[in-house]
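Everything on this sheet refers to the single structure shown next.
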Amino acid sequence: MQFKVLGPVEAGDGTRSVPVGGWKQRTLLGALLAKPNTAVSTEKLIDELWADAEPPISAADNLRLYIYRIRRALRDPQRILSQPLGYYLLVKNGELDAERFEKLVLEGRRALDAGNVTRAAEVLRHALDLWRGPAFAGTSGAAIVGAESARLDELRHVALEMRIEADLRINRHADLIPELTQLTTEFPLRERFRLQLMHALYRAGRQAEALRVYQDTRRMMVTQLGLEPGPELRALEKAILDSDDGPGEVMRGDPVVLQRTPDGRAEQDEQPSSPCLLPRDTPDLTGREEHVDHLCDTILSDDGGKGAIFTIEGRGGVGKTTLAIHVAHRLQKVFTGGQLYVDLHGAEQRPTEPEEVLARFLRAFDVPGDLIPEGLDERAEMYRAQLAGRRAIIVMDDAADEAQVQPLLPGASSCVVLVTSRTRLAGLGGASLIELDTLTDAQAVHLMERLCGGERVNAEPQAAAELVRLCGGLPLALRIIGARLKARPHWSLARMVQKLAGEQGRLDELAHGQLDIRASLALSYNGLDGRARYLFRLLGLLDAPDFTDWVTASLLDMDVTLASDVLEALIDARLVDVTGRDETGNLRYRFHDLVRLYARERVMAEIPEAERTAATERMLGGLLSLCEHAHTNLTGGEHLIIHSDAARWHLDRSLIDQLVADPLAWCESERQSIVAGVRQAAEAGAHEFSWDLAVTAAPLFEVRRHYDEWQLTHEYALSATRKAGNVRGEAAVLTELGELRLEQNHYADATTLLKAAMQGHLRAGDRHGYALAVQKMGVVQRLEGDYDAALRSAHEALGILDEVHDWTNKALTLRHAGQVAMELGRLEEAAEYMDQALSAAKEAGTRRLYAQVLYRIGELCLSRGETGRADREFNRVLAIVTELGDVLGTAHVLHGLGRVRRLQGRRDEAEEMLSRAVSLARETNDRLLLAQVLISRGELESQCGRLDTAALVLAEAAMICVDINVPAWRARALHALGDVFWAQDNGEEARNAWSEASALEAAAATRRTAPYGARGEGGPPCSRLRPGALPAA
């Protein structure tokens, strides 16, 4: 699939365009393409579609219909995916012309910077050829599309300026004059085009015309804007007047550094005077252009540079010193009163004393040694007196803290100070903060090109990208790799990747001459106090990509508040990053990859194995404890029962309640940590931790359908239990893997796994575990239509569950047996099972489970046509879930009540309840429930004769079913949608919908013997037995 926005918005398969529909659908597609692979909220999309008018009441429904039509036009339902708050369009690499354009512009810029002007001109010309007209033509041009269109148009002009510059450098001056003449007319305020036209005319021997362009430009700018032409135009005019051969150099060189005269004019300064203590500049500074421009512009502004102090902060190796020195060099001609530099060694154990620094500075100002005072205050006074009246810039590198810097600050407002530090200097009054982070991937690759050659990097783009990843975008690490590759031109980038691939030796490889990552990290580490160093080492034990406060508490085996104080020292030293707040509202932290490797080195070298093991098990015990509480909060009680004897590490109860108050939000925040914890436990041989954590997390993964994590954790745990010969743990894992395959509708695989689990539980002598596996096997048998076997499995499980007094799972099993009887049409038998399930739920003492059984009884009543009793049962459930604050349960009950009202002919009440159920399903992000309620709502709308609304609602339901892969429900939605289309006299659309629904049903290839209608109002049966949220069917 190809998408085009550099002109009219189009989509196609490479040979033909796809008809995406009318103006609103083109605008919608354009808005999604403006933010590819990024969720765009429903509200913003509505604003985009109705930018010039008040959106209609049906705007959200109309939007869903437009999405449905675009999906059909693209013939790929997975292209536009629904998200909780909106939609996003999946765009693969190379499919969007704007993306190709930007990559070509970047390639052209790199070629131009490298002096390969012929290649630059060719590439940039190819980039500009992608344009077919104004960006996003034929759309609304509102906020989303308008902003992206403006950005692309600006980039188009920049690309055009670069292409013309490349052509000028290869002496195509005469050919460019007509084009530039037209461009200066079209874009009179773009000085670059006028500069290039002057340059072309001058090089073509038309000096007088070049000067006339300058005079016309100056007249226009003074008249219309009240401004003089910029410094480059003035410098070029002067070069032409002086018959200088260097205007081309003015265009290619760095921006001319200017200072302001008293009347506000900008003029070039004289050569700087002594003292100049600046170290050598770094000519290949990359990725910091924005920071350089910001600092220079602020310092050169009329008020921003008067007595300004700038603190440049960031981790070691991020390029703070390089940036500060580069800016100081750029401003040399401005700060003629002196350019001072000192390394304060703040990260070392013995930082440079301010008295020593002041003595150096005074000597640099030619103060004789015998006249330099001894005391700090007297030296500071003499230093400030020396700077009085001077325009000087002072670079203080690697400051330890504010106290070290304060005596070195000048009193003169004509001076500027740049301070770099690994720690936060929040107490430095009036300072402006420049915070440096690692380079982006594109910036890092560009740096690699400048360090070891563009051709070399372009020849191995994948290896270059991998080197960037292995270095974590850290400039120091990249410079080390670049220096090593430059010293070994016979090495391929792939060879360097291979040398860095292993974590154990990576820091050894990141050293070259005086550049050494390990040494840089050691400075920060050695500057910590004892407790902070100890925590830093222990954090090296973590495999999780990030962590929160409680993890540090478990590692240190102390209160969370005290542990957080220790963690703050690591944050202040830039050894730990704050990544933001997670879904529970708690702060999360992470190591940079190279810092993590250093921490792991230190923990292995400095902490005994037994102590390391104890800390790791505390962390795993804390994670398992929280996972158990989240599981219990989700399900309303403990239904797994089977656990290991792995030691838990318990947090304070109030903190546990706060962390897992929303169990799904907690799981979402800790999902990667759970996977890493299971894997780490498995690799460490802690098999009891591994399998228990995996199976306890499974119900949490299930709700939001994190099937990959479910699979991965259980694969790790299965490997660990088998390696340890842990038959019981292996059987527990196999049981939950069978449940996963059941959830994915892979019934044959589920059968195989559950049979193996049953055998394992029998070998381990665990009848309770065996009963749970048999229980799940019964679900598979029901879904495959083997109802007799399903009931036999239920009764076998019930016998054991009675023995062990597991009332929770007994209630679940009885509820399932009732569902089997319902699907067989044996409604009286189903009622008996449901009554027994209700009694077991009472014994279990779990109100949530009790409500779930009542809900199923309400479903049974619907199947029997007993709408009055169904109404009563659903209302009993509503009272319970309201008391529990169970929002999702409330949504389920409202869905049930809405269907009751519909059958009773009370359509207004049905519409109100189903609308509330839709809102709650959206709020809780239960997309299966949302699809089910939308189907009921669509059927109601159709029954009421509101066919257009019915089509919109059912189309959304069908789309959601594609997203979450529930073909049975999609088939039901499409059947209903086909009926609506037929009622609208749209026979072709109706036949298409019915045909797709029939194909889905045929593909399911299930062997259910009961008629579809026997399943009652709920539709396709739910496969799960979890006592979590109420089942919809």
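The values are calculated or read from the model by the stated rules, or taken from the named source; none is laboratory data. Treat the numbers as computed from the prediction; the structure is a model and nothing was measured. Counting neighbours? That spans all protein chains shown, and the Cβs are built from the backbone with ideal geometry, glycine included.
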Problem set entry | Of the criteria (1) surrounded by fewer than 22 Cβ atoms within 10 Å (Cβ to Cβ); (2) over 24 Å from the mean Cα position of the chain (by Cα), which one L485 fails | (1)
For this session: Report those helices (runs of 4 or more DSSP H) wholly inside the stretch 437-536 carrying at least 1 residues which are in contact with a Phe, Trp or Tyr (Cβ under 9 Å, 6 or more places away or on another chain) and of a type in the set (V, I, T).
Result: 517-526
For this session: Collect the residues in the stretch 550-592 that are within 25 Å of T713 (Cα to Cα) and crowded, with 19+ Cβ neighbours inside 10 Å, keeping them in residue-number order.
Result: W550, V551, T552, A553, S554, L555, T584, R588, Y589, F591, H592
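Residue-wise test of (1) modelled with pLDDT under 90; (2) surrounded by fewer than 18 Cβ atoms within 10 Å (Cβ to Cβ).
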{"site": "G430", "(1), (2)": "yes, yes"}
{"site": "L433", "(1), (2)": "no, yes"}
{"site": "G454", "(1), (2)": "yes, no"}
{"site": "E466", "(1), (2)": "no, no"}
{"site": "R469", "(1), (2)": "no, yes"}
{"site": "A477", "(1), (2)": "no, no"}
{"site": "I480", "(1), (2)": "no, no"}
Exercise. Can you name the number of the only condition in (1) over 38 Å from the mean Cα position of the chain (by Cα); (2) on the phi < 0 side of the Ramachandran plot that G389 fails?
Worked result: (2)
Problem set entry | Residue pairs meeting the criteria (Cβ under 8 Å; at least 6 apart or on separate chains; first over 22 Å from E829 (Cβ atoms), in the stretch 857-880; second part of a helix (DSSP H, G or I) and among the charged types (D, E, K, R)) | I880/R847; I880/R848
For this session: Within the stretch 177-207, track down each residue that is over 22 Å from T223 (Cα atoms), among the aliphatic types (A, V, I, L, M) and surrounded by fewer than 22 Cβ atoms within 10 Å (Cβ to Cβ).
Result: I177, A204
Exercise. Regarding K776, is this residue over 19 Å from D645 (Cα atoms) and assigned to a helix (DSSP H, G or I)?
Worked result: yes
Problem set entry | Matching residues, the stretch 811-860, being surrounded by fewer than 24 Cβ atoms within 10 Å (Cβ to Cβ) and over 46 Å from the mean Cα position of the chain (by Cα) | A821, L824, G825, R826, L827, E828, E829, A831, E832, D835, Q836, S839
Exercise. From A840, A811, A764, which residue is over 22 Å from E859 (Cα atoms) and either in contact with a helix residue (DSSP H, G or I) (Cβ under 8 Å, 6 or more places away or on another chain) or free of Cβ contacts under 8 Å to residues at least 12 places away in the same chain (or both)?
Worked result: A764
Exercise. Quick one: in the stretch 35-60, which of the residues that are of a type in the set (D, E) and crowded, with 17+ Cβ neighbours inside 10 Å is nearest to Q25 (Cα to Cα)?
Worked result: E48
For this session: Determine whether the stretch 20-31 contains at least one residue that is surrounded by 15 or more Cβ atoms within 10 Å (Cβ to Cβ) and within 25 Å of E923 (Cα to Cα).
Result: yes
Problem set entry | Count of the stretch 697-708 residues which are part of a helix (DSSP H, G or I) and more than 11 Å from C667 (Cβ to Cβ) | 2
For this session: Go through V9, V20, V40 for me and flag whichever is within 20 Å of G141 (Cβ to Cβ), without any contact (Cβ under 8 Å) to a residue 60 or more places away in the chain and of a type outside the set (S, T, N, Q).
Result: V20
Problem set entry | Those helices (runs of 4 or more DSSP H) lying entirely in the stretch 297-391 with at least 3 residues closer than 30 Å to L528 by Cβ and in contact with a Leu (Cβ under 7 Å, 6 or more places away or on another chain) | 320-330, 354-364
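Let's see how each residue does on (1) modelled with pLDDT of 95 or more; (2) touching an Asp or Glu at 6+ places or on another chain (Cβ under 9 Å); (3) surrounded by fewer than 17 Cβ atoms within 10 Å (Cβ to Cβ):
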| site | (1), (2), (3) |
| --- | --- |
| R612 | yes, no, no |
| L623 | yes, yes, no |
| N633 | no, yes, no |
| I641 | no, yes, yes |
Exercise. Does the stretch 160-172 contain any residue that is without any contact (Cβ under 8 Å) to a residue 24 or more places away in the chain and either within 18 Å of N37 (Cα to Cα) or touching a Leu at 6+ places or on another chain (Cβ under 8 Å) (or both)?
Worked result: no
For this session: Working carefully through the options A720, A731, find the one that is modelled with pLDDT of 95 or more, surrounded by 19 or more Cβ atoms within 10 Å (Cβ to Cβ) and touching a Ser or Thr at 6+ places or on another chain (Cβ under 6 Å).
Result: A720
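In the stretch 171-276, which helices (runs of 4 or more DSSP H) lie fully inside it and hold 2 or more residues that are at pLDDT 85 or above and farther than 30 Å from H326 by Cβ?
173-186, 191-203, 207-225
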Seminar exercise, completed: In the stretch 684-710, anything touching a helix residue (DSSP H, G or I) at 6+ places or on another chain (Cβ under 8 Å) and acidic (D, E) is listed as E688, D692, E702, E709
For this session: Give the residue that is modelled with the highest pLDDT, with candidates limited to residues of the stretch 121-149 that are assigned to a loop (DSSP other than H, G, I, E, B) and farther than 30 Å from H173 by Cα.
Result: F136
Exercise. Which one of the conditions (1) surrounded by fewer than 16 Cβ atoms within 10 Å (Cβ to Cβ); (2) over 27 Å from W131 (Cα atoms) does S17 fail to meet, given that it meets all the rest?
Worked result: (2)
